[in-house]
1. Looking only at the range A:144-167, how many residues end up being among the hydrophobic types (A, V, I, L, M, F, W, C), touching a Leu at 6+ places or on another chain (Cβ under 8 Å) and either open to solvent by less than 20 Å² (accessible area, probe 1.4 Å) or touching a residue at least 60 places away in the same chain (Cβ under 8 Å) (or both)?
2. Which of the numbered conditions does C:A113 fail, given that it passes all the others? Conditions: (1) farther than 30 Å from C:L214 by Cβ; (2) open to solvent by less than 20 Å² (accessible area, probe 1.4 Å).
3. Go through A:G199, A:G254, A:G246 for me and flag whichever is within 13 Å of chain C (Cβ to nearest Cβ) and either out of contact with any Lys or Arg (no Cβ under 9 Å at 6 or more places or on another chain) or under 30 Å from B:F290 (Cα atoms) (or both).
4. Looking only at the range A:168-192, count every residue that is farther than 25 Å from A:A226 by Cβ and open to solvent by 20 Å² or more (accessible area, probe 1.4 Å) and tell me the total.
5. Could you identify the single residue in A:L312, A:L296, A:L285 that is at pLDDT below 85 and either closer than 19 Å to A:N48 by Cα or in contact with a Leu (Cβ under 8 Å, 6 or more places away or on another chain) (or both)?
6. Please find, within the range B:248-266, the residue that is least open to solvent (accessible area, probe 1.4 Å) out of those that are within 8 Å of another protein chain (Cβ to nearest Cβ) and more than 30 Å from A:R151 (Cβ to Cβ).
7. Could you please find all residues in the range C:241-271 being away from chain B (no Cβ under 14 Å), open to solvent by 10 Å² or more (accessible area, probe 1.4 Å) and part of a loop (DSSP other than H, G, I, E, B)?
8. Only one of these conditions is not met by A:V278: (1) open to solvent by less than 20 Å² (accessible area, probe 1.4 Å); (2) within 25 Å of A:L68 (Cα to Cα). Which number is it?
Amino acid sequence: MTAISDTARATRRLSLRNINFALVIFVVLYAAIVVLQPNYLDAALFMNFLRRAAPLIILASGQLYVILSGGFDLSMGAVVTLVVLAASMLIGGDPEMTWVVIASLYAMGLAVGLANGFIVSFLKVPSIIATLGTMLLVNGLALAWSGGAPRGDLPDNFRNLGRLVLKDVPLVGSLPIAVLILVVVTLLAWWGLHATAYGKRLLAVGDNPRAAELAGVPVKPTRISAFVISALSAVTAGILIGGFSGVSVNAGRGLELQAIAACVIGGALLLGGRGTVVGALFGALSLFALFTLLNLLGLPQALRDSLQGVILIAAVGASVLRHRRST
Amino acid sequence: MQFRSILAATLAVAFSTAAYAQEFNDPAEFKKQRELLSTKAEGPEGKPWEQHLGGAMIDTAKFKKDGPHTICFSNAGVFNPWRVVGLNNMKGEAALQKDRIQELVILDAEGKDDKQISDIQSLLDGGKCDVLIVSPTTTAALTPAVEAACEKLPVIVFDRGVNTKCPVTYIHPVGGYGFGITSAEFIASKLPKGANVLAIRIVPGVDVLETRYSAAKSIFDEAGINVIGSEFTSSDRAKTKSVVEDYINRGVKIDAVWMDAGDTATAALEAFEDAGLPYPVISGEDQQDFLRKWQKENLVAIAPSYPTYQWRTPIIAALDILDGKPVPGPEWNLPQPAITQETLASYIDERMPALHYSLCGCQELPGYPEQWGGK
Amino acid sequence: MSIDILPAGRARRGFRDVPVPVVVIALAAIIYVTAAVITGQTNQISFAGLTGLLQRTVALGLVGLGQTFAILVGSIDLSVAALISTVAVLASYLMQGDPGMIVPAIAACLALALCVGAINGGLVAYWGINPLIATLSTGLILQGVLSAGFTYLGGRVAPEYQALAYQGLFGVPLPVLLLAVLALVAWFVLAKTRFGAHLYAVGGNPDGAKLAGLRVERFVLAAHIIASLGACVAGLYLAARLQSGTPWIGRDGIYDLESIAIVVIGGTALSGGKGGVIGTIAGVLLFASLDASFNMFGVDAFLKQVLRGAIVIAAVAVYAVRNKGHVA
């Protein structure tokens, strides 16, 4: 018993440090933004920053579940593209259809998540290959369905989810709907991971599936549910992205890697066993702050990639060093 | 880490010298395209895809062959809506001429040079083709493959060219400089000296896009208009909107937005809406969503084009060549019109999807509008 | 990761005892021939058609050979796509059409690949950074510097160098021979040398290898250098074939994910220690015959993606499904 509580304490201490790291990166980057552009301290601009970062944060919290279970989900970006294209085609500009279609989008997400989970758990295909396959498949389906170019239209009530900013809200001033959704999703993700038995099971599965199985954890259902959560978060992010800027065929391109990067910067350990929602949140915010900063600096967009690479190595490298020192 | 940054810096320096050694700024080509823009087109009235701007005709008697013909097409890919609409135009033209065409074989290279070279090779090995149409992924890469094909059958190249004169004809609209000239001259005419323009672009390094910017930049410089930024957004609407928002947040007044392609023009405009600012003067392209927004919001705007009707021309050329009829060559310059306030209404078709390119010349083709995604 | 219980499987004879590469090659042949027969394009089965098919395997095959080493040792390399672009661009930039520069340019590219491989290997083996993150990051860094530096590339390779990609010996294109020779060398190294045996040992059970006195880190480093060299040769080949490199050929070719896919389809375990280059060659043959068959059937570009995704999953699942343990 003491051994277990020791590790538990160690984990808690560790995760606290990791949060600090992603938080530190974010604060430093945001401070740099403010130095360049003081009006980013305005509540309204900060809210706008959050509005734009919301999809990536939501993707990262979903991806975190899969990472904690020991896998990867490369199909998230394709799901985002599918959601944006499908929403536009199915709604066809008719506001009455919005809510029905949103429900069916979640059904599609559920299907993709179940497929991923099933392929990994039952067909034993490594998740990196399985979700690479579904990524190609879903992307191809979305493009084939739309004929390769966006069709239909998104009505205002759909767009508002990612676009509308409520004015004159007490305390915060302005409040984008996307930020409201972000808060709800993040709280849900936090609750599911850190306050339920399910969360503990997920960590156990990621840490050592065989041991977890011997301890009576239903490994396969736990795994599958992680993929489902990830896909559903991708649907949510897709709805926000479609709302923020409208339909496009490459709405989701590259988002899966950004989501994984956000988790890693937030201290999540690839192949499972360690990571927190708060870490993923600040990891995603750091990435987004970096992008904004580069925009403000007027640096070539391409260097974004390079700096993202440097930050990734730095974040993971630092956590490796800390980990070594503490053991 | 230090080693890496030194390496990165060395590479960056080495490469940036290369980058500036050869820019897309060719004054002779700029001048030529400016003249072509005002050249009167020859050919059937109202059918710009059959017209040509000056240039010679080429004799094709030696290619004469009895029909019906198998036309082979090596396509760079359908990785953006422009190419999707274009390919539909080509299929539409083939459907129109179906009596004279046995088969239209299309191989899609998915944007990979290496695959397109193999695709052309396998079309030649297949031995079915009477004529080969190529829309190259990149100019230099496809040159040897096209040269090899020229030895076996008549070749037609369109959109992007190749570094050889062996194809019977190379079909293209006026070009990137022309696009930049039309759009930038309009913006310059609407703004006072010292005004600010923001340039939104797709990706760096692509010839047909770089020339658009280079032409626009020199016109802005001449007119004393400041280009406050030139940003790449990979045709991503979210990125475009974010970039424009960031510029708005800097507090600099943006008087105009210039775009090297219009597919994210409405996203750029939304950034102004969300910030509660008036719309800027804007240059977009001939996509339906931009045209509709322009009409609805009474924008001060222009839509230059890189017309997708050029995808019809290769089929027409192929059949003419196999008939032994002379065609414009070795370069076939197509007209490159722009949509202005006066002509705006005639290009709007509410049935068509958002990113339908209005200068498709496809309204009379079989299957319109359903084949193009319309209702 | 997964633990494969081979001895139990070996007791039963049947389909599952056939080596993966044989099944994959047979599948590739069946797909290709069926497509040619059904569509009536039987001259695609001719010598010219088949060399054309083999030509399609070269670039991905070369990357795949290197990737096999990285995966065998239990690592992975996501930076290959960016390295391919960098090498292709660097080669054409340095040559500028001058035949005298062929050798220096190749040497410079190899040196660069050596550095990238050493950095990857160092990050993974000595610093202990997860290989996915480490190589993703080096790839991002390379790609960023490349696209930022090169808004346009004026360079082109020397005509003599370009000819290498288009000439042949007894009708077989030189690049195909190059791939065959390198595949043989790689097979020999893995199957017949002590280095190869140790590589498998390290990949299969790093802790055991360490206890047995092997310097695990060195093998990981070596495998990463080989992976980068594979990408480098692929980049050099593409530069010759395409006359000049563009900063996006690696990315557009999706060489990172596709090289991993062919390695895994060829039966090499992602967890390391099991598989080999014959499987990888089989995997790339499968991809090439799919490509060629899609062409023959005239499959729509988007549908191709769907089919490719389904086939990747199915090809791996056929063999993975017998695993008793859980996979990640």
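1. Here is the first cut: in the range A:144-167, the residues among the hydrophobic types (A, V, I, L, M, F, W, C) are A:144-145, A:149, A:154, A:158, A:161, A:164-166.
If we keep only those that are touching a Leu at 6+ places or on another chain (Cβ under 8 Å) too, we end up with A:144-145, A:149, A:161, A:165-166.
Those still in the list that are either open to solvent by less than 20 Å² (accessible area, probe 1.4 Å) or touching a residue at least 60 places away in the same chain (Cβ under 8 Å) (or both) too: A:145, A:149, A:161, A:165.
Qualifying residue count for the region: 4.
2. The failed condition is (1).
3. On the way: A:G199 fails: within 13 Å of chain C (Cβ to nearest Cβ); A:G246 fails: within 13 Å of chain C (Cβ to nearest Cβ).
Sole residue among the options that is within 13 Å of chain C (Cβ to nearest Cβ) and either out of contact with any Lys or Arg (no Cβ under 9 Å at 6 or more places or on another chain) or under 30 Å from B:F290 (Cα atoms) (or both): A:G254.
4. So in the range A:168-192, the residues farther than 25 Å from A:A226 by Cβ come out as A:168-177, A:179-180.
Applying the additional criterion that residues be open to solvent by 20 Å² or more (accessible area, probe 1.4 Å) yields A:168-173, A:175, A:177, A:180.
Total satisfying the criteria: 9.
5. Details: A:L312 fails: at pLDDT below 85; A:L285 fails: at pLDDT below 85.
Just one listed residue meets the conditions, A:L296.
6. First pass over the range B:248-266, keeping only residues within 8 Å of another protein chain (Cβ to nearest Cβ): B:249-251, B:263-264, B:266.
Keeping just the survivors that are more than 30 Å from A:R151 (Cβ to Cβ) gives B:249-251.
Details: B:N249: 25, B:R250: 68, B:G251: 66 Å².
That would be B:N249.
7. Answer for the range C:241-271, where residues must be away from chain B (no Cβ under 14 Å), open to solvent by 10 Å² or more (accessible area, probe 1.4 Å) and part of a loop (DSSP other than H, G, I, E, B): C:G267, C:A269, C:L270, C:S271.
8. Going through the list (1) open to solvent by less than 20 Å² (accessible area, probe 1.4 Å); (2) within 25 Å of A:L68 (Cα to Cα), A:V278 breaks only (1).
The values are calculated or read from the model by the stated rules, or taken from the named source; none is laboratory data. Keep in mind it's a predicted model, so treat the numbers as computed, not measured. Positions of Cβ are backbone-derived with ideal geometry, glycine not excepted, and every protein chain shown enters the neighbour counts. To get the accessible areas, we keep the full protein, side chains included, count just its heavy atoms, and leave off ligands, DNA and RNA. Shrake-Rupley method; radii C 1.70, N 1.55, O 1.52, S 1.80 Å.
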